[in-house]
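Throughout, read-outs are computed from the coordinates displayed, never taken from laboratory work. Quantities reported herein were computed from a predicted structural model and do not represent experimental measurements. Cβ atoms come from the backbone with ideal geometry, glycine included; neighbour counts cover every protein chain shown.
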Amino acid sequence: MILTDKEILNHIEKGLIKVEPFDLACLGTNSYDVHLGKTLALYESDVLDAKAHNKIKTFEIPEEGFVLMPDKFYLGVTAEYTETLAHVPFLEGKSSVGRLGIDIHATAGKGDVGFCNHWTLEISVKQPVRVYAGMPIGQLIYFEVKGDINNMYNKKPNAKYNDRKTIPVESMMFKNKF
């Protein structure tokens, strides 16, 4: 089941959900709106290798905004830091963002119970579009979990995205054994 606005607030009060900064105006009927952080990134290489550490170059979005191009793949970050200690968080794009032709994630829309960080966004666009730091970019939806959890994400020794970062984080696929 998806948490309602009242349940999200209840779980925030209990310390099971954290959003920093929190703004009550961003709380929807059954979601919480998150915003585009000030930093974007591009991979340095045109060819990425799943077994290699593909480096990124970060840059700040200027006050006048930044035009995303369809032939580029961008990593972004949410302005909000979140902790979800008893639910499965899903990050979805806002419909207004989708109607601008912006996709905010290719595959990583689901977080794990215990995810505590800013969300890295996998941004692609259908046509050139100007974006701004602080603009609404997505919404977090919280699903209830049934059963006990043996392996919280923030306690897993092999979790690749536990270091708190306010900038986009590149793929850590190279840390997998295959």
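Could you go through the range 24-32 and let me know if any residue there is without any contact (Cβ under 8 Å) to a residue 12 or more places away in the chain and touching a helix residue (DSSP H, G or I) at 6+ places or on another chain (Cβ under 9 Å). Checked against the condition, which is being without any contact (Cβ under 8 Å) to a residue 12 or more places away in the chain and touching a helix residue (DSSP H, G or I) at 6+ places or on another chain (Cβ under 9 Å), the range 24-32 yields at least one hit. Could you list, ordered by first residue, the pairs with Cβ atoms under 8 Å in which the first is in the range 46-57 and without any contact (Cβ under 8 Å) to a residue 40 or more places away in the chain and the second is among the acidic types (D, E) and in a loop (DSSP other than H, G, I, E, B), at least 6 apart or interchain? Final answer for the pair search is K57/E44. Residues in the range 103-151 that are hydrophobic (A, V, I, L, M, F, W, C) and without any contact (Cβ under 8 Å) to a residue 24 or more places away in the chain were compared, and the one that is surrounded by the fewest Cβ atoms within 10 Å (Cβ to Cβ) is A106.
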